[in-house]
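Undergrad: Quick one: this structure, given as structure tokens, is what I'll be asking you about.
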Amino acid sequence: MNEGISNRQMVFILLLTMTAVTIVSLPSTMAEAAGVGAWFVLLIASVFYAAAAHIIVSLNKMFHGEVLFDYSARLIGKGGACVLGVFYLLYFTLISSYLCAGMANILVTNFFVKTPAWATILIGIPFYAYTAYKGITNIGRMFEIIGFFFIVAAVSVHIVMMFQGKVENILPLFIPEDTALYLKALPSTIISFLGIEVLTLTPIASGCRNKAPRTAFFAVLGIGLFYVLNVETSVMMIGINEVQNENNALISAIRQLQIPPLDFLERLDILYLTMGFMGLFAAKTIIVAAIVEYACKLFRRAGRVWVVIAACAAVFLIDLFLLKVNRLGKLFELFGTYAGNLAAVVIPAALFVLAKVKKHACKAG
């Protein structure tokens, strides 16, 4: 079912999954936390999470054809693997609901104002079920297509913003006296870099193994640079004070753009949101697939079809329930700060060290 993904597919999977929700609110979050030094904070965070992605993919390379659940059973036993499997299953389920809230917000606010939220959730379930049944490898091909259009549209918009914005709005670029403030702002970046944990269920194609860890590292670094471009161009367009005071500062900045050849588009932000929604939909797809993959690992005797049906039904019901929870975004930020780092950094790093120790012990023996 999962022959493995190519390095190019891995890059697009990381891009769309990591930028799914936070890209719109990132400028205001970072401007409020770090001021004009937001770019510096994002670069530091990108190096840290790039190293984490390198570790996850190195594990996948070390245990070729296996994913985290499989090789964790070798390293810590079947019982420990099941505990990790349950943790990741619950973790991805909560992320699914967070993405669902983001999708419902974009659809209801900008496209289908009178459509009930449950309908916007239900319409995607059959697609999630079909792609989850087909497996991660087939999803990787979908990410290649959506990812290409997303990156072209997003980078094009930000380049135009760079030329139309005011450079003085982002100056001074760095204030040495505020270094402590910049370091304190690092936790504000965590949610934006979550998404690398989907690599725990993406086996690597045979011909891509050698370059895969390095590709993952530089892909996350590139996404960090994209975040910097996102924040800096937003500040250039509307100023640091307005960015700090608006939750959706990116959209406000895009609305200030004036592109004569595109005058027929009265709202350029709708075009950006459309591409963003495609990325969000792709991210939701792979998260549901992650739920299915971990469920299949935990319930090996159940047929894949029944696991997919049960998982998608559960996702629909949980999404409906959590969509009614007030301040879901704030709750997820608190959850992501701890559980996200545990899933993306701590657990893979611990398994990586353990794998290295066991490998060294076998050679010594």
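The values are calculated or read from the model by the stated rules, or taken from the named source; none is laboratory data. Predicted model, so just to flag it, every value in this text is computed and none were measured. Don't worry about glycine lacking a Cβ; one is built from the backbone with ideal geometry, like all the others, and counts go over all protein chains shown. Quick note on the areas: whole protein, heavy atoms, side chains included, nothing else; ligands and nucleic acids left out. Shrake-Rupley method; radii C 1.70, N 1.55, O 1.52, S 1.80 Å.
Undergrad: Filter LYS211/LYS284; LYS78/LYS359; LYS134/LYS297; LYS61/LYS297 down to the pairs with a C-alpha to C-alpha distance above 25 Å, please.
TA: Checking Cα-Cα distances, LYS211/LYS284 exceed 25 Å.
Undergrad: If amide hydrogens are placed 1.01 Å from N in the peptide plane, which non-local residues have theirs closer than 5 Å to the one on ILE204?
TA: ILE5, GLY65
Undergrad: Which is farthest toward the positive dipole end of the chain among ILE56, ILE191, VAL155, measuring Cα position about the Cα centre, with Cβ charges +1 (Lys, Arg) and -1 (Asp, Glu)?
TA: ILE56
Undergrad: Based only on Cα atoms, what Rg/Rh ratio does the range 141-237 have, Rh being taken as Kirkwood's radius?
TA: 1.05
Undergrad: If I take R0 = 51 Å and measure r between the Cβ atoms of VAL167 and LEU298 in this structure, what FRET efficiency does the formula 1/(1 + (r/R0)^6) give, to the nearest 0.05?
TA: With a Förster radius of 51 Å, E is 0.45.
Undergrad: Right, another one. Under a crude label model (7 Å from the Cα following the beta-carbon direction), how far is TYR130 from ARG214 in nanometres?
TA: 3.9 nm
Undergrad: While we're on this one: Go ahead and collect, in residue order, the members of the range 136-154 whose backbone nitrogen is under 18 Å from a label point 7 Å along the Cα-Cβ direction of SER206.
TA: Residues 137-138 qualify, since their backbone N sits under 18 Å from the label point.
Undergrad: What number does the range 36-97 give for Rg over Rh if you use C-alpha atoms and the Kirkwood radius?
TA: 1.13
Undergrad: In addition: Quick check: the angle from helix 22-34's long axis to the longest principal axis of the chain, C-alpha only, nearest 10 degrees?
TA: Taking Cα atoms only, the helix is inclined about 70 degrees.
Undergrad: For the Cα atoms of the chain, what angle does the longest principal axis make with the long axis of helix 38-62, in degrees from 0 to 90, nearest 10?
TA: Roughly 20 degrees, rounded to the nearest 10.
Undergrad: Under a Cβ-only charge scheme (Lys and Arg +1, Asp and Glu -1), can you give me the dipole magnitude of the range 96-249 about the Cα centre, in debye to the nearest 20?
TA: Computed charge dipole of the range 96-249: roughly 720 debye.
Undergrad: P(r) for the range 272-327: what percent of alpha-carbon pairs falls in each 5 Å bin, starting at zero?
TA: 4, 17, 19, 19, 19, 12, 6, 2, 0
Undergrad: Quick one: length gained pulling ARG255 to LEU354 fully straight, 0.36 nm per residue minus the C-alpha distance?
TA: In short, 30.6 nm is gained.
Undergrad: Now, a different point. Between ARG8 and LEU122, what's the calculated FRET efficiency when r is the beta-carbon distance and R0 is 35 Å? Round to 0.05.
TA: 0.60
Undergrad: Let me ask you something else. Might you tell me the accessible area per residue for the chain, computed with a 1.4 Å probe and given in Å²?
TA: Counting only protein heavy atoms, the per-residue value for the chain is 46 Å².
Undergrad: Per 0.36 nm of contour for each residue apart, how much would the distance between VAL152 and PHE87 grow if the chain were fully extended, relative to their Cα-Cα spacing?
TA: Full-extension gain reported as 19.8 nm.
Undergrad: Follow-up. Take the chain, connect every pair of alpha-carbon atoms lying under 10 Å apart with a spring to form a Gaussian network, then pick out the residue of SER188, SER234, SER206 with the largest mean-square fluctuation.
TA: Looking only at SER188, SER234, SER206, the largest GNM fluctuation is found for SER206.
Undergrad: Ignoring ligands, DNA and RNA, what percent of the accessible area of the chain is carbon or sulfur (1.4 Å)?
TA: Reported share for carbon and sulfur atoms: 67 percent.
Undergrad: Explain nothing, just the number: dipole magnitude of the chain about its Cα centre with +1 on each Lys and Arg Cβ and -1 on each Asp and Glu Cβ, in debye rounded to the nearest 20.
TA: That gives the chain a dipole magnitude of about 1660 debye.
Undergrad: Tell me the label-point distance for the pair ASP70, LEU186, using the 7 Å Cα-to-Cβ offset, in nm and rounded to one decimal.
TA: The two pseudo-label positions are separated by 3.5 nm.
Undergrad: A follow-up question, please. Helix 347-364: angle to the longest alpha-carbon principal axis of the chain, degrees 0 to 90, nearest 10?
TA: Long axis of 347-364 versus the principal axis of the chain: about 40 degrees.
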